[in-house]
């Protein structure tokens, strides 16, 4: 055993202590499921980012950047981070307003349909079990590399690590540990960047070396490696892949259960909007650091295999011991935070949405939830043991299941009064099945889907068609219409001018940050890259457009948040939102 392994154990001990502290404060289902609905902005930001950034980001995607696709990943991230603000203002704040315990329960209330709750609960369990499998495998790879122990033993250690404190503390413990983990891996990732550039010397020399890197030509070009032996034959195909997957993951951030369920814990709708703005900005900045760093590791060691191990190798070989230990502990923190979130949501969905345990006896319901979580954790352990590791691709597959099955239903149930329970049920089911079916047929070689017909797109489109067609021939239930009306009544306490002004400050920060990011990327990436390539810089080159587009996308989501906050909460006399009044006029 080495210092890195002892660092992992020490950090795990801290999380267990925090989980034990939080677990002693759990008094009932509201505490266990939604942390008492009193969480401030920092804790919501912590759990949003930590539950999203897992081993997929720190191991798989950083390895993808090492393989030669750093800036292609930024094209993807530039699209998907918009999902935080889009989801918060058009879906998340209404979810919080519903005061449901889970997102499937929200669907049941919106459509007055127990069947919708069960279906949404089943899709949650299937999708998050696959995601939990991927993150568990990523964490076990990390432990095995650091400790030099068999992968099977590392798998059990990883499983015990997230299972113990999640079972006891529920959402309250998950939220607190997520925030600690978020602060750790964000700070350490930023501190690690100069050491990842160490082999190239200065920023300028490192960028020049990567721009002219012969072993992986195009490693920091906007499209990454293309042609023979690469994932894509051309830059056009690579860009289409990034934009399609970016759009699907924008929906994942906007409506998926492990993201939107965080808003159920928020103490106000203003916390929902603020945390979405901050989370999107943090992700946009952090991915620039991770992708640059992943690519730069090639200059120190171009032969790391599999590439998922690059950041662990860098922590143990390119950094001072203390910082390397903190980096590896930070990666483990990202894995544990995601696993704890997924496991808790699986348990909540089975007990609250599928089995529907009674709320009259909180102690019995809590015990049932913990038993279910243990069973789910055991199943994920067995699956992770027998399934060969494929962290990035399993994660992408599991995430897009929610984009195609939940995406259209989530937004239309808020913004279209006429969507009916049968339409929502069929749409969600068809979107889920079509996505899985198309992916399996493509993997088996039965069909060969072009990049613009991703299974996510097929599932999303068929879902949307079912929603619109079936809603035309069915009628919404009276209870569902009444609930729709209630959702669109803005609570009086959310119209406090002081809170509104505090919330408006964050979209302004995001807009300014977007312009700064664009300027920095042009100055320190696009222009030096053109110089290293021996050509004049043009703003409309691929690298110039990517740099400007990345920052501009951040600016646009800030502008969207500012506009929506002003529109919804900006007038003290407002009671209902304009879209609701328009919907009534159409009836």
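The values are calculated or read from the model by the stated rules, or taken from the named source; none is laboratory data. Note that this is a predicted model, so its numbers are computed, not measured. So basically every Cβ, Gly included, is an ideal-geometry build from the backbone, and we count neighbours across all protein chains shown.
Filtering the stretch 517-535 to residues that are over 28 Å from residue 240 (Cβ atoms) and exposed (fewer than 13 other Cβ atoms within 10 Å of the Cβ) leaves 523, 534.
For the stretch 558-578, residues that are modelled with pLDDT of 95 or more and more than 19 Å from residue 268 (Cα to Cα) total 3. Annotation note: Cβ proximity below 6 Å between a residue of the stretch 83-106 that is free of Cβ contacts under 8 Å to residues at least 24 places away in the same chain and at negative phi and a residue that is surrounded by fewer than 24 Cβ atoms within 10 Å (Cβ to Cβ) and assigned to a helix (DSSP H, G or I) (sequence gap 6+ or interchain) occurs for 106/98. Looking only at the stretch 107-127, decide whether some residue is in contact (Cβ under 8 Å) with a residue 40 or more places away in the chain, under 30 Å from residue 294 (Cα atoms) and either within 17 Å of the chain's Cα centre (by Cα) or assigned to a helix (DSSP H, G or I) (or both). Looking through the stretch 107-127, at least one residue is in contact (Cβ under 8 Å) with a residue 40 or more places away in the chain, under 30 Å from residue 294 (Cα atoms) and either within 17 Å of the chain's Cα centre (by Cα) or assigned to a helix (DSSP H, G or I) (or both).
Residue 184: closer than 30 Å to residue 86 by Cα, buried (at least 24 other Cβ atoms within 10 Å of the Cβ) and under 22 Å from the mean Cα position of the chain (by Cα), yes or no? The answer is no for residue 184. Answer yes or no as to whether residue 338 is part of a helix (DSSP H, G or I), modelled with pLDDT under 80 and under 26 Å from residue 179 (Cα atoms). Answer is yes for this residue. Can you confirm whether the stretch 401-416 contains a residue that is in contact (Cβ under 8 Å) with a residue 40 or more places away in the chain, surrounded by fewer than 24 Cβ atoms within 10 Å (Cβ to Cβ) and not in a helix (DSSP H, G or I)? Yes, because at least one residue in the stretch 401-416 is in contact (Cβ under 8 Å) with a residue 40 or more places away in the chain, surrounded by fewer than 24 Cβ atoms within 10 Å (Cβ to Cβ) and not in a helix (DSSP H, G or I).
Being touching a strand residue (DSSP E or B) at 6+ places or on another chain (Cβ under 6 Å) and assigned to a helix (DSSP H, G or I), is that true of even one residue in the stretch 263-270? The answer is yes, given that some residue of the stretch 263-270 is touching a strand residue (DSSP E or B) at 6+ places or on another chain (Cβ under 6 Å) and assigned to a helix (DSSP H, G or I).
Is it the case that some residue within the stretch 75-90 is part of a loop (DSSP other than H, G, I, E, B), over 16 Å from residue 251 (Cα atoms) and at pLDDT 90 or above? Within the stretch 75-90, not a single residue is part of a loop (DSSP other than H, G, I, E, B), over 16 Å from residue 251 (Cα atoms) and at pLDDT 90 or above.
Evaluated against (1) more than 19 Å from residue 40 (Cα to Cα); (2) touching a helix residue (DSSP H, G or I) at 6+ places or on another chain (Cβ under 8 Å); (3) at pLDDT below 95; (4) part of a helix (DSSP H, G or I), residue 517 falls short on exactly one condition, (3). Between 110, 114, 96, the distinction of being in contact with a strand residue (DSSP E or B) (Cβ under 7 Å, 6 or more places away or on another chain) and under 26 Å from residue 355 (Cβ atoms) belongs to 96 only. Considering only the stretch 442-470, state which residues are over 22 Å from residue 406 (Cβ atoms), without any contact (Cβ under 8 Å) to a residue 40 or more places away in the chain and either outside any loop (DSSP other than H, G, I, E, B) or touching a helix residue (DSSP H, G or I) at 6+ places or on another chain (Cβ under 8 Å) (or both). Answer for the stretch 442-470, where residues must be over 22 Å from residue 406 (Cβ atoms), without any contact (Cβ under 8 Å) to a residue 40 or more places away in the chain and either outside any loop (DSSP other than H, G, I, E, B) or touching a helix residue (DSSP H, G or I) at 6+ places or on another chain (Cβ under 8 Å) (or both): 443, 444, 447, 448. Would you confirm, using the coordinates I've provided, whether residue 34 is surrounded by 24 or more Cβ atoms within 10 Å (Cβ to Cβ), modelled with pLDDT under 85 and within 19 Å of residue 263 (Cα to Cα)? Judged against the criteria, residue 34 is a match. Checked against the criteria, residue 193 does not count as out of contact with any helix residue (DSSP H, G or I) (no Cβ under 8 Å at 6 or more places or on another chain) and surrounded by fewer than 22 Cβ atoms within 10 Å (Cβ to Cβ).
Matching residues to (1) over 26 Å from the mean Cα position of the chain (by Cα); (2) in contact (Cβ under 8 Å) with a residue 12 or more places away in the chain; (3) part of a helix (DSSP H, G or I):
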{"residue": "210", "(1), (2), (3)": "yes, yes, yes"}
{"residue": "218", "(1), (2), (3)": "yes, yes, no"}
{"residue": "224", "(1), (2), (3)": "no, yes, no"}
{"residue": "227", "(1), (2), (3)": "yes, no, no"}
{"residue": "241", "(1), (2), (3)": "no, yes, yes"}
{"residue": "246", "(1), (2), (3)": "no, yes, yes"}
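The set of residues in the stretch 128-147 that are over 25 Å from the mean Cα position of the chain (by Cα), surrounded by fewer than 24 Cβ atoms within 10 Å (Cβ to Cβ) and in contact (Cβ under 8 Å) with a residue 60 or more places away in the chain comprises 145, 147. The residues of the stretch 342-367 that are modelled with pLDDT of 65 or more and not in a helix (DSSP H, G or I), listed by number, are 355, 356.
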